[in-house]
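Only the coordinates and a few stated rules stand behind these numbers; no lab work does. Keep in mind that what you see is a predicted model, and the values were worked out from it rather than measured. Don't worry about glycine lacking a Cβ; one is built from the backbone with ideal geometry, like all the others, and counts go over all protein chains shown.
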Amino acid sequence: MENTERLQNVSVLGAAGKMGSGILLLTALELADLSLKPENKDKTFILNAIDVSDAGLSGLMKYLQGQFIKAAEKKTVQLRGMYENRDELIENYDIINQYVFDVMNIIRPTTKMEVAYNSTLVFEAIIENPDVKVKLLSQIDQNNHHKPWYFTNTSSIPITQLDSAANLGGRILGVHFYNPPAVQKLVEVIKGKETREDLNEFALGLIKSMRKKAVPSNDFAGFIGNGHFMRDALHGINEAKKLAKESSWVEGVYTINKVTQDYLVRPMGIFQLIDYVGVEVCSYIMSVMNPHVKDEDLHSDVLDQLIVQGVLGGQYSSGAQKDGILKYEKGRPVAVWDLDRKDYIYFTDFQDACDAKLGKMPSTFMPWKAVNFNRSKAAILETYFNDLNGMNSLGANIAKTYNSRSNEIGKKLVADSVAHSEADVNTVMLTGFFHAYGPINEYLK
Ligand SMILES: NC(=O)c1ccc[n+]([C@@H]2O[C@H](COP(=O)([O-])OP(=O)(O)OC[C@H]3O[C@@H](n4cnc5c(N)ncnc54)[C@H](O)[C@@H]3O)[C@@H](O)[C@H]2O)c1
């Protein structure tokens with residue numbers, strides 16, 4: 001089957017979800033551009049947006065309309081070329097309206113899974129539960145005579161496991177977008193043992209056309225991104241616990257969050273990142289990964305306790321951060337959840353004492369935002385970390401230990417053949433987590 005033919009009937013499962021909505025947006029724009037090519041003018045392109053939530057689908061359509069207007073506004077010159085034979089489209093807004101109509105026209109929102117029985121490509125982005133994923137994939141495959149190809153957005157389940165449990169005969173590939181898919185450049189691509197090479201090639205072409213960066217990962221639970229993030233998060237939790245012995249849990253969390261954001265020049269602290277992804281999601285990903293790892297226990301009793309206490313983080317559909325380990329006001333952390341008092345304690349109650357214990361930051365410190373997009377990033381980081389290396393404060397020492405653990409995790413991902421190379425590990429953390437530098441670095445000694 002030709003690639004264009006394969007893209008004529010696509011289904012996205014879990015289309016109303018955080019990841020599914022972004023994947024649907026990117027796929028819709030691809031299909032619209034294909035459908036507007038002169039050689040495809042007699043072909044129909046269908047993109048089924050499938051989800052169990054009716055309300056979610058209706059919110060999705062509103063979200064998409066706004067996004068398509070933005071996308072059309074950004075490429076009016078290109079669209080003029082695409083619509084050059086449409087003399088009636090004169091003003092920019094004529095072109096924008098037509099494009100939005102054409103993209104929306106491709107999308108069929110539905111709660112009926114059966115529409116996927118006609119698809120030639122199925123993109124699965126439903127909840128991270130192996131049993132639910134396998135049941136849905138095998139139901140579609142048993143009823144679909146096209147022998148469709150499947151992409152799965154799973155964050156942690158081995159592709160080989162999904163392939164064999166759903167009996168897909170190698171017609172499945174991990175295509176792991178990062179959150180939010182429309183913004184994040186990285187896509188991890190994971191072949192299972194039996195995955196067909198032509199499916200892999202097809203995916204790489206599509207990812208390139210979406211202007212994303214594909215990084216191959218081996219089929220090991222958690223892959224590269226979560227393989228690093230989950231271990232990095234556990235290290236952060238353990239460091240906070242150590243500090244809590246001398247002070248309190250809230251002070252430990254505040255301190256480690258500050259060191260991981262400021263001292264390590266990251267876009268957000270480790271506890272804010274756990275909240276961003278969601279406390280339950282992190283705990284669940286660890287539980288899926290844990291049976292597949294040797295010599296380590298990817299599990300956190302603190303996360304269990306937070307879940308029992310209903311402290312979950314995650315995001316509202318508007319993208320705003322929900323309260324979790326940290327409490328947020330205007331998007332910024334302002335308090336830490338106290339596990340004993342079962343309430344938030346504001347930073348203002350203990351921040352000055354914690355900062356004093358950490359010691360002074362080097363005078364060459366610049367926040368992540370000022371460093372990451374700076375043309376002199378490498379030189380700035382080198383000077384800053386040189387200064388930090390020369391310090392013996394609590395903050396500098398926690399940062400050094402943290403960096404060396406991150407480094408060790410990165411190298412182990414290569415040694416365990418999860419990543420093909422150290423460069424791939426660094427690319428994943430730079431493009432999927434927006435780190436300013438990769439975990440395998442020479443900065444902190
Ligand atoms: N959130 C992240 O940061 C992130 C990043 C990368 C990958 N992922 C992976 O993407 C997948 C989706 O995660 P998410 O965060 O978007 O979850 P989500 O909860 O936001 O979305 C899941 C969607 O699937 C729908 N759904 C549930 N069961 C369904 C079924 N049987 N049929 C059809 N729709 C169903 C839900 O209604 C929901 O809209 C998971 O596998 C997750 O591991 C998540």
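Couple of notes before you dig in:
- Computed packing ranks the peptides 97-104, 308-315, 371-378 as 97-104, 308-315, 371-378, most packed first, by mean other Cβ atoms within 10 Å.
- In terms of Cα atoms, the Rg and Dmax of segment 225-432 work out to 17.0, 47 Å.
- Local net charge near VAL371, Cβ-Cβ under 13 Å (Lys/Arg +1, Asp/Glu -1): +2
- Filtered GluC sites (Glu not before Pro), segment 251-339: DSSP coil and at most 14 other beta carbons within 10 Å: GLU296
- 20 °C / 1.002 mPa s Stokes-Einstein diffusion coefficient of the chain, Kirkwood radius on C-alpha pairs, µm²/s: 91 µm²/s
- Extent along principal axes [Cα atoms of segment 86-234; Å; largest to smallest]: 55, 40, 28
- Of LYS258/LYS322; LYS322/LYS412; LYS112/LYS212; LYS258/LYS357; LYS241/LYS342, those spanning more than 22 Å from alpha-carbon to alpha-carbon: LYS322/LYS412; LYS112/LYS212
- Each residue, PHE373 and MET104, gets one label point 7 Å from its Cα in the Cβ direction; the gap between the two is 3.1 nm.
- 0 to 90° range, to nearest 10: angle between helix 422-432 axis and the chain longest Cα axis: 80 degrees
- Beta-bridge orientation, the chain: approximately 40 percent antiparallel, per DSSP, counting only bridges with both partners inside.
- Packing rank of 10-18, 168-176, where each peptide gets the mean count of other beta carbons within 10 Å, highest leading: 10-18, 168-176
- For the peptides 158-166, 333-341, residues were scored by their other Cβ atoms within 10 Å and the scores averaged per peptide; the highest-first order is 158-166, 333-341.
- Distant-in-sequence amide H partners of THR152 (H built 1.01 Å from N, under 5 Å): GLU124, LEU173, GLY174, VAL175
- At 0.692 mPa s and 37 °C, Stokes D of segment 333-445 from Kirkwood alpha-carbon radius, µm² per second: 202 µm²/s
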